[in-house]
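Any read-out appearing in this document is the output of simple, stated calculations on the displayed coordinates, not a laboratory observation. The structure presented is a predicted model; accordingly, all values stated were derived computationally and were not measured. When we count neighbours, we look across all protein chains shown, and the Cβ atoms used for this are built from the backbone with ideal geometry, even at glycine.
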Amino acid sequence: MRTVDAALLRDALRGVRGLLLDLDGVIVSAGKAVPGSVEAMNELERRGTAYRIVTNTSLISRRSLSELAASLGNRIPPERFQSALSASADYAARAYAGQPLYVLSSADAKREFDGQWLLTHDEAAAPGARAAAVIVGDSPDELTNRNLNLAFRLVRGGARLIGMHRNPWWLTADGPTLDSGAYVTGLEYAAGVRAQIIGKPAPAFFSIAVDALRREATARGDRLRRSEIAMVGDDVRTDVLAGQRAGLCGVLVLTGKHGLDAVAASHGHGRGGREPHAVAPSLADVVAALD
Ligand SMILES: [Mg+2]
């Protein structure tokens with residue numbers, strides 16, 4: 001098993017020129033900036049390193065994520081974020097153009113679905129209501145028993161069930177908190193269907209971000225290979241091993257929910273018994289170890 005070692009980290013990151021960064025547990029945690037993350041992000045800007053924040057956050061829009069980051073000292077423009085929410089809205093716009101959707105998410109999150117046909121709760125409750133897809137994200141106010149029942153009935157009526165992600169819980173200032181993946185799994189169980197998951201660890205989610213970095217590189221007359229992009233996250237399975245399956249360099253940071261014990265637990269149990277390419281104490285250590 002890898003241990004935290006600066007030389008090993010530098011070795012693993014040799015040649016890395018692009019970064020996909022998880023948000024929660026890497027840059028922010030429980031509503032606060034992770035120590036050293038502000039300076040690390042400033043250094044990435046100074047170096048001109050291509051990066052995207054790839055996050056399963058589904059609670060708020062990219063604009064609000066950018067504002068949240070700014071309030072904690074990190075200047076990250078909205079277009080640098082790719083969230084499970086924004087990717088779900090993009091996917092629905094392509095797959096269900098002009099068709100009715102029932103989206104369970106906050107009012108702010110629904111801004112990402114601008115221009116799409118979203119059913120109100122009352123429309124979803126009307127007799128004979130139909131939707132092309134039911135899309136479930138995190139929202140303490142929207143994930144009510146009534147709304148989940150409406151979602152359940154629409155799925156039974158033929159709507160595709162889409163989970164923005166399948167995260168069971170996350171860490172808030174109140175402590176471990178139920179996330180929308182728990183509700184997606186409940187709807188699957190009740191309706192006897194399998195949800196389509198848009199966010200991490202879906203390979204397509206990583207590909208969208210990789211393509212964005214590659215387009216930037218191409219515009220500079222450069223070429224970026226997948227192996228030159230590192231996925232940095234605090235979740236061994238959904239960030240690191242999933243990133244590695246997508247052909248990226250996988251780096252676990254220890255400022256979030258998973259520690260070295262999770263690496264040991266994943267080793268031999270993950271697909272192919274893989275382990276992270278590297279483990280770093282924090283994002284600051286990752287940025288310091290870049291060529
Ligand atoms: Mg995380």
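Here is how the numbers come out for the structure above:
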{"read-out": "Inter-label distance, nm, simple model (7 Å from Cα along the C-beta direction), Asp261/Ala173", "value": "2.8 nm"}
{"read-out": "Selected from Thr177, Thr55, Thr238 as most flexible by GNM, with the chain as the system and alpha-carbon contacts under 10 Å", "value": "Thr177"}
{"read-out": "Amide proton proximity set for Asp235, modelled H, under 5 Å, gap of 5+", "value": "Val240"}
{"read-out": "Fraction of beta bridges assigned by DSSP in segment 86-197 that are antiparallel (%, nearest 5)", "value": "25 percent"}
{"read-out": "P(r) tail fraction, the chain - alpha-carbon pairs more than 23 Å apart, %", "value": "54 percent"}
{"read-out": "Set of aspartates and glutamates with alpha-carbon distance to Lys110 below 15 Å, sequence-local pairs under 8 removed", "value": "Asp90, Asp138, Asp141, Glu142"}
{"read-out": "Between 0 and 90°, nearest 10: helix 145-156 axis offset from the chain longest Cα axis", "value": "80 degrees"}
{"read-out": "Estimated vicinal HN-Hα couplings, Hz - segment 236-249 in sequence order (Karplus 6.51, -1.76, 1.60; Gly, Pro = x)", "value": "4, 7, 7, 9, 7, 5, 5, x, 5, 5, 7, x, 9, 7"}
{"read-out": "Pairwise FRET efficiency - Arg194 versus Asn42, Cβ, R0 = 51 Å, nearest 0.05", "value": "0.75"}
{"read-out": "Of Ala97, Ala40, Leu59, farthest towards positive along the dipole that unit charges on Lys, Arg, Asp, Glu beta carbons give segment 36-99", "value": "Ala97"}
{"read-out": "5 angstrom amide H check on Tyr51, placed H, neighbours 5+ away", "value": "Leu19"}
{"read-out": "Karplus-derived HN-Hα couplings along segment 122-128 (A = 6.51, B = -1.76, C = 1.60, θ = phi - 60°), whole Hz, x at Gly and Pro", "value": "5, 5, 5, 8, 5, x, x"}
{"read-out": "The chain: calculated mean residue ellipticity at 222 nm from DSSP helix runs of at least 4, using -39500 (n - 2.57)", "value": "-10500 deg cm²/dmol"}
{"read-out": "Under 19 Å from the Cα of Lys257 - lysines, other chains or at least 8 residues apart", "value": "Lys32, Lys200"}
{"read-out": "Placed amide H near Val28: partners under 5 Å, 5+ positions off or other chain", "value": "Val34"}
{"read-out": "Convex hull per residue volume in Å³, alpha carbons only, for segment 86-197", "value": "98 Å³"}
{"read-out": "Length-normalised contact order of the chain in % [C-alpha pairs under 8 Å, at least 6 apart]", "value": "24 percent"}
{"read-out": "Fully extended contour minus Cα-Cα distance, from Glu79 to Ala219, at 0.36 nm per residue", "value": "48.7 nm"}
